[in-house]
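The block underneath contains the structure these notes are about, expressed in structure tokens.
The values are calculated or read from the model by the stated rules, or taken from the named source; none is laboratory data. Since we're looking at a predicted model, the values are computed, not measured. Don't worry about glycine lacking a Cβ; one is built from the backbone with ideal geometry, like all the others, and counts go over all protein chains shown.
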Amino acid sequence: MVPSLSGPAVRGRRPGAETGGLLEAYAVRSAYSGRGTRGPGGGMAGTGGFGIRRAGTVAELLAAAHLYDGPARPEWAERFLASPGHLMLIGYAADGFPAGFVTGIEMIHPDKGAELCLYELGVDEAYRRRGLGRALTEALLAAARERDCAGAWVPVDTDNGPALATYRSAGAADEGVCAIRAWSFDDEPWAVPS
């Protein structure tokens, strides 16, 4: 059985659900039924021996900092965890090393209902091409379904072949080219104050 990712703290759903246990990533979609056997080291067979769980502490977020684009800051990690609808799943190697992560942000709009944005996916270079990116993506999609989201979407650079292949393998449809415009309110958003 797949433990709940939302638990009682998220919109009061699924009381008593376990949020800290391993998510058996390939059990989240019926296409992978029967692949839920344990591999060497206790990880899931078919996922390269990885286990996936929802991050719930600042320490977990900071331990995965080598996977991020810039340095992690404890105050931002605390804010992330305290923000409703924010979710990070971390994929752990059999030895407990954080090998990958995915973040999602639930959004709601009066004419669209709830949707989940896959905000960022990262896999340590040494653990790529083993199915972890897909497993993390599918686990996030399972969380979106648990949260009654109408769908999920991801912004991705059109020249990022590995990301496009990962999302395609997890069932994403191509909805065409999209331009993203950004505003920066800080010259160096990842700069650590002195």
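Points worth noting:
- Any hit, the stretch 88-99, residues being modelled with pLDDT under 95 and surrounded by 12 or more Cβ atoms within 10 Å (Cβ to Cβ): yes
- Sub-7 Å Cβ pairs linking a first residue in the stretch 51-67 that is closer than 16 Å to ARG79 by Cα to a second residue that is among the basic types (Lys, Arg) and assigned to a helix (DSSP H, G or I), at least 6 apart or interchain, number zero.
- Answer residue from the stretch 57-87, given it is loosely packed, with under 12 Cβ neighbours inside 10 Å and acidic (Asp, Glu) and is nearest to the chain's Cα centre (by Cα) among those: ASP69
- Any hit, the stretch 104-113, residues being modelled with pLDDT of 95 or more, of a type in the set (A, V, I, L, M, F, W, C), in contact with an Asp or Glu (Cβ under 9 Å, 6 or more places away or on another chain) and buried (at least 20 other Cβ atoms within 10 Å of the Cβ): no
- Counting the residues of the stretch 143-164 that are in a helix (DSSP H, G or I) and more than 10 Å from the chain's Cα centre (by Cα) gives 7.
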